[in-house]
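Undergrad: Dropping the structure in here first, questions after.
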Amino acid sequence: MTGGAGFLGSHLCERLLAQGHEVLCVDNFFTGGKRNVLPLLPNPRFELMRHDVTFPLYVEVDAIYNLACPASPIHYQHDPVQTTKTSVHGAINMLGLAKRTKARILQASTSEVYGDPEVHPQPESYWGRVNPVGLRSCYDEGKRCAETLFFDYHRQHRLRIKVMRIFNTYGPRMHPNDGRVVSNFIVQALRGEPLTIYGDGSQTRSFCYVDDLIDAMVALMDSEDAVIGPMNVGNPTEFTMLELARTVLALTGSRSTLEFRPLPSDDPKQRRPDIALATETLGWQPQVTLEEGLAKTIGYFRTIVSQ
Ligand SMILES: NC(=O)c1ccc[n+]([C@@H]2O[C@H](COP(=O)([O-])OP(=O)(O)OC[C@H]3O[C@@H](n4cnc5c(N)ncnc54)[C@H](O)[C@@H]3O)[C@@H](O)[C@H]2O)c1
């Protein structure tokens, strides 16, 4: 697994070990860290390797989950050239590894491939509306190019690919300072600071709890070879930023106020997955409600945020 020491990766490592697999976790620790996989280190079936996926990797594996890539704007805009390289060179290197070892390979793609969509909710057949030259392009276009590479390796070299388009996911071990809305609100609420709302708070997002996402990721990897995606995975229940802020305040018991700031450039106004394909093909549907998931996430942040 690449990016295995990150937020989603660490949960996936845990799940695969629990299923009895051997896991090689490859990460350059840019946004992830050893702390996320610390409890897994004593497991003899777990191995942690510091490696940057923009360089080739020679190991023996039978399945590859390619998650390496900073996922939040603050981190992926820190070094945009490296972000594109991670997506594009990383995909080429991992696809090369899959080709040599004949491994199945799953790409953690993103709802950002739809850009600021004119179609709502977004089915996989929608091609998106992405700015190729903006501040978010290093991530959005990098991920789009990675999808292209996956499909071309499939057509040209018959690789067994799986492309999953992940919509906003949250849960324990999210980075506390990455500017993503769920972690932002929780950290601000726990510190008693104002909750920052961009725009008027009427823009909507859908949030998937990490356990649900991992269920789908493993099910997609284990699906028959004909299932290649792209496949949306996320929670289709939509909330406005204002609703999310109020729920976080209620669950933390915080007295924080709300502070309104201008919308950042290219921020999509609305995003919600059409998950019909995942439900039909994998029999998958999210199970965890926003209140349940937020309560678990808040429990985690209470242990790491000084109040
Ligand atoms: N969390 C979400 O809501 C979400 C949504 C859509 C897509 N995704 C995708 O899922 C994947 C995991 O996201 P996450 O939320 O866990 O983010 P994360 O930042 O916590 O994890 C990414 C991991 O990749 C590692 N990494 C970055 N560049 C690397 C490189 N060049 N070589 C090796 N490792 C590298 C980081 O150190 C980190 O451990 C990413 O590819 C992301 O684009 C996540």
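The values are calculated or read from the model by the stated rules, or taken from the named source; none is laboratory data. Quick caveat: nothing in here was measured; it's all calculated off a predicted structure. All Cβ positions, even for glycine, are placed from backbone atoms using ideal geometry, and neighbour counts span all protein chains on display. Keep in mind that these areas ignore ligands, DNA and RNA; they rest on the heavy atoms of the full protein, side chains included. Shrake-Rupley method; radii C 1.70, N 1.55, O 1.52, S 1.80 Å.
Undergrad: Which of the residues that make up the stretch 98-126 are part of a helix (DSSP H, G or I) and either away from the ligand (no atom under 13 Å from the Cβ) or surrounded by fewer than 19 Cβ atoms within 10 Å (Cβ to Cβ) (or both)?
TA: Ala98, Lys99, Arg100, Thr101
Undergrad: Every residue in the stretch 141-178 that is without any contact (Cβ under 8 Å) to a residue 12 or more places away in the chain and assigned to a loop (DSSP other than H, G, I, E, B), please.
TA: Hit for the stretch 141-178 is Arg158, nothing else.
Undergrad: Listed residues His75, His11; which is within 10 Å of the ligand (Cβ to nearest atom), closer than 27 Å to Cys208 by Cα and touching a helix residue (DSSP H, G or I) at 6+ places or on another chain (Cβ under 7 Å)?
TA: After ruling out the rest, the residue left standing is His11.
Undergrad: Restricting the search to the stretch 15-51, which residues are open to solvent by 30 Å² or more (accessible area, probe 1.4 Å), within 21 Å of Lys162 (Cα to Cα) and either more than 13 Å from the ligand (Cβ to nearest atom) or β-branched (Val, Ile, Thr) (or both)?
TA: Passing the criteria: Arg15, Gln19, His21, Glu22.
Undergrad: Also, quick follow-up: Looking at Glu292, Glu243, Glu193, which is the one that is of a type in the set (Asp, Glu) and in a loop (DSSP other than H, G, I, E, B)?
TA: After ruling out the rest, the residue left standing is Glu193.
Undergrad: For the stretch 105-134, how many residues meet the condition of being of a type in the set (A, V, I, L, M, F, W, C) and modelled with pLDDT under 95?
TA: Result for the stretch 105-134: 1.
Undergrad: Still on this model: Hey, Ser202 hits all of (1) free of Cβ contacts under 8 Å to residues at least 60 places away in the same chain; (2) assigned to a helix (DSSP H, G or I); (3) not β-branched (Val, Ile, Thr) but one; which does it fall short on?
TA: Answer for Ser202: the failing condition is (2).
Undergrad: May I pose another question? Can you tell me which of Tyr58, Tyr65 is hydroxyl-bearing (Ser, Thr, Tyr) and either crowded, with 19+ Cβ neighbours inside 10 Å or free of Cβ contacts under 8 Å to residues at least 12 places away in the same chain (or both)? It would help to see each step written out before you state the result.
TA: Values: Tyr58 fails: either crowded, with 19+ Cβ neighbours inside 10 Å or free of Cβ contacts under 8 Å to residues at least 12 places away in the same chain (or both).
Only one candidate passes the filter, namely Tyr65.
Undergrad: Only one of (1) part of a helix (DSSP H, G or I); (2) without any contact (Cβ under 8 Å) to a residue 40 or more places away in the chain is not met by Thr83, so which one is it?
TA: Here Thr83 clears every test but (2).
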